[in-house]
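S.K.: My questions all concern the structure below.
The values are calculated or read from the model by the stated rules, or taken from the named source; none is laboratory data. Since the model is a prediction, treat every value here as computed from it, not as a measurement. FYI the Cβ positions are ideal-geometry reconstructions off the backbone, even for glycines, and counts take in every protein chain you see. Each accessible area value is taken on the protein alone, full model and side chains, heavy atoms only, with ligands, DNA and RNA left out. Shrake-Rupley method; radii C 1.70, N 1.55, O 1.52, S 1.80 Å.
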Amino acid sequence: MSLISAIIALFFFYKLLLRLGISKLLSMITLSILAFTYAFWLYAEVVEVFSLYYLFFILLFYLGFSFYQTKQDKYLYLLSFFIGLSLSHQQAILILFPALFLMVFFANKKVLINPGIILKCIGFVVIGLLPYFYLPISYMLNPPITWLTELTPSALIQHVLRLNYGWVTSATTPLSERVFAVITYFTYWLFHLPLILILTSLIGAAALFVKKRKLFVLISLAFFISGPLFVFYAATSAARAFTFGVLERFYVSSYIMFLLFFPFGVLEIVRLCMKAVEVLLKKKVKSSLLLHLPHALTLLFIIIPVSLFFTNSHRIDMSEMRIGEYYALDILNPLPKKSIVFADVDTTVFPTHYVQYVLGVRRDILMPSFSQLQQIILRDKRYSKVYKEILKNERYARDSDYVIDTALSLRASRPVFSPAKVKNTEYSGSFVWMPYGLVYKAVTKNEIPVKEEYIRSQELFWERSFIDRIREYRDAPNLPLVFQEI
């Protein structure tokens, strides 16, 4: 699905370039640059939501600009529909809305006060939001994994507004950390992009500022909000590979906007070169050979996507990469039957779910996140009574405390584990989190084994683990940030 989304995204990126008045040759070169840029190529290959997000980002800009250019209502209605559809996928698409609003305003500001058109647009947005009906349907089908903890209006609103996904920092984040996040953003692109690409794009931005001021404003606004401003607002730490990997996914949308300046930079460079040739020849260029010079000069820029291809192809090749699978197997294999492992970190949850539900390994182990465990407990008549009794106790500070304590209360029937030491509550404080392979086991002090027995059990684990194979990947060039975290 990621690859299909990326291919369709590239198709609409090409259509957008043609809509901007760029030649087919230069559009294909610009398209190839995007395709072979490391981050875009990576998320076209891995199982993630961001390839589809890039598709919606490009598609919305294309539809908005098509309305701006043609003023045809069909593009406005299509834009409205895909706005709704994109909001059902990734909330971050909101960062493009200011630029889209300006496109509509520049094209025909009267539509913003036309009740008939506004109602139609709202209708198309609502139609685009229909995938949200999948949430209650999915919940009633009782799937093994679902984000809904319960089928209530508050739970649905919480999911739609992504209140469980909060990874941005608080308003109290120091200014220095926000500035550092922006510096990290620009440093990332300086490291990953050829200098000639950056300089050419900056020349294109300057040319648009002089010749096509409105287009410059539209592209610059989309770039600034989705890039520097978004990073400044989120201020997510890049100190860990995992959080830096989260940031990397969001960098691409602003890069797509920045890349729209590139073909205009090429056109400006070619224009200046032709002007220099005319000055040198002291006359207008008329020979058939020189008439083809602009195409030849444009073709020289193909060196950029070619260099990106050879630089990134070995970094993207993960056909033999098994680190996520080995990590999940090393977590699951040593565990007793019907264990509960609760985690709230994607790096742990997703590989183990893949091994369980795709490869069929250790499906007896329950490994939900906190919210999923809460949902499972509420559904199961054996456990829901215990959970609801705990829920009545107002001494808890957070929902996760309810879930942790409820899970620990089930220890009599299922051993309880966690990939990290759990912050103790009043109830869970009576347990010791004992290292058990790659996870921690909740045990009472009386259940702690004698030293020799414990050391031997751990030695057996490491002897049977995939640690030697994982070590082979330590210096691999094709190790993305999430795998570095593992």
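S.K.: Considering Cα pairs under 8 angstrom that are at least six residues apart, work out the relative contact order of segment 1-49 and quote it in whole percent.
M.R.: 59
S.K.: Ratio of segment 67-167's C-alpha Rg to 2.2 N^0.38 Å, to two decimals? Intermediate values should be presented prior to the final figure.
M.R.: Numbers: Rg = 16.5 Å, N = 101, 2.2 N^0.38 = 12.7 Å.
For segment 67-167, the normalised Cα radius of gyration comes out at 1.30.
S.K.: Could you order the peptides 100-113, 68-81 from most to least packed, using the average number of other C-beta atoms within 10 Å per residue?
M.R.: Working: 100-113: 15.1, 68-81: 17.4.
Put in order of decreasing packing, that is 68-81, 100-113.
S.K.: Okay, moving on. Mean 1/r over all different Cα pairs, inverted: what Kirkwood radius does segment 215-278 give, in Å?
M.R.: Computed over segment 215-278, the radius equals 13.7 Å.
S.K.: Starting at the first residue of segment 332-338, write each ³J(HN,Hα) from the Karplus equation 6.51 cos²θ - 1.76 cosθ + 1.60 with θ = phi - 60°, in whole Hz, x for Gly and Pro.
M.R.: 7, 4, x, 6, x, 4, 6
S.K.: Still on this model: Counting only protein heavy atoms and a 1.4 Å probe, tell me what percentage of segment 13-148's accessible area is made up of carbon and sulfur.
M.R.: Numbers: 4290 of 6000 Å².
The nonpolar share, carbon plus sulfur, comes to 72 percent.
S.K.: Round to the nearest 10 and report in Å² the accessible area of GLU320, as given by a 1.4 Å probe over the protein chains' heavy atoms.
M.R.: Number for this one is 140 Å².
S.K.: What FRET efficiency comes out for the pair VAL358/THR311, r = Cβ-Cβ distance, R0 = 25 Å, nearest 0.05?
M.R.: That pair, VAL358 with THR311, gives E of 0.20.
S.K.: Could you sort 114-120, 291-297 so that the peptide with the highest average Cβ count within 10 Å comes first and the rest follow in order?
M.R.: My ranking of the peptides, most packed first, is 291-297, 114-120.
S.K.: Let me ask something else about it. Here is the link list: LYS74/LYS120; LYS338/LYS451; LYS15/LYS275; LYS337/LYS441; LYS109/LYS212. Which ones come out longer than 23 Å on Cα distance?
M.R.: As for pairs spanning more than 23 Å Cα to Cα, those are LYS338/LYS451; LYS15/LYS275.
S.K.: So, one more: List the residues, sorted by chain then number, that are 5 or more residues from LYS71 or on another chain and whose placed amide H is less than 5 Å from its amide H.
M.R.: Distant-sequence amide H within range of LYS71: zero hits.
S.K.: What list of ³J(HN,Hα) values in whole Hz, one per residue of segment 461-469 in order, does the Karplus curve 6.51 cos²θ - 1.76 cosθ + 1.60 (θ = phi - 60°) give from phi, with Gly and Pro shown as x?
M.R.: Residue by residue, segment 461-469 yields 4, 5, 5, 9, 7, 9, 4, 5, 5 Hz.
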